[in-house]
Structure formats: C-alpha cells, structure tokens
Amino acid sequence: MKSSTAVQKSGWIVWWINTVISVLTLILTIFFIYHIPNTQFSPQDKAFTFIVWMFMLFFLVIIQLLAYFMIKYLHRDNSYIYPIILIVLGFCGYTLYLIPGIWGVIYANHLRLNP
C-alpha cells in the first residue's frame, strides 16, 4: 500500500468534515420540518420538503463520491486534473476542498519541475 502524502491527509480530513457537516445539516433539517406543529405546514408541504431532502441527499452522495476518488487519486501520474476538480468543488460551495486542491496543484507542479 502506498503511503499517503500530507496533501492527501488534508484531503481526507476535509472530506470527513464536509461529510459530517452535510449529514448533520440534512438530519436537522428533516427533524425540524417534521416537528413543526401541523398548523404551519400542510402534509403536501412536508411531502415536498421530503422530496427536496432526497434530492439534496442524492446530490451530496454524488459530490462526496467524486471528492473521494479525486482525493484517492490525487497524485496519480502527477496529473493536474484531480486537484483542479477539487478546486472546482471548492468554488461550487464546498470551500474546504480548496485546501487540498490548491496544495495538490502545487505538489504536482513541484514533482513535474523536479523529477
């Protein structure tokens, strides 16, 4: 098994932080929506909220899977693709992914310039 670099370790830390925050946010959202008194939300509103929650969960799973594989293959072939995708994820709202993304570009650039 290959040893992971500091860039990958920071990526895994960021990945876990994003996963925990996102899952807690989704759970708290659904908890608060379903525990508001029935006078404020109709059953249709609650059903719509649940459908939106399911789409958010699906989107979260796709983003986290993408980030997982980008961090796992961060140094494959000294490519810039994997860190750049992490940077794009950082600009799409998951700002902590900027840390391993930018650091990964610097690391790959250093390896290309100093073989």
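The table below lists the values:
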quantity: Residues that are in contact (Cβ under 8 Å) with a residue 40 or more places away in the chain and aromatic (Phe, Trp, Tyr), drawn from region 58-93; calculated: TYR68
quantity: Residue match in region 85-92 (condition: in a loop (DSSP other than H, G, I, E, B) and of a type in the set (Gly, Ala, Ser)); calculated: no
quantity: Per-region count, region 1-25, residues modelled with pLDDT under 90 and of a type in the set (Gly, Ala, Ser); calculated: 4
quantity: Only one of ILE62, ILE51 that is among the β-branched types (Val, Ile, Thr), more than 22 Å from TRP16 (Cα to Cα) and surrounded by fewer than 11 Cβ atoms within 10 Å (Cβ to Cβ); calculated: ILE51
quantity: Residue identified as closer than 15 Å to TRP12 by Cβ and either part of a helix (DSSP H, G or I) or in contact with an Asp or Glu (Cβ under 6 Å, 6 or more places away or on another chain) (or both) among MET70, MET54; calculated: MET70
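The values are calculated or read from the model by the stated rules, or taken from the named source; none is laboratory data. Everything numeric in this text was worked out from a predicted model, so none of it was measured. Ideal geometry is used to build each Cβ from the backbone, glycine not excepted, and the neighbour counts take in all protein chains shown.
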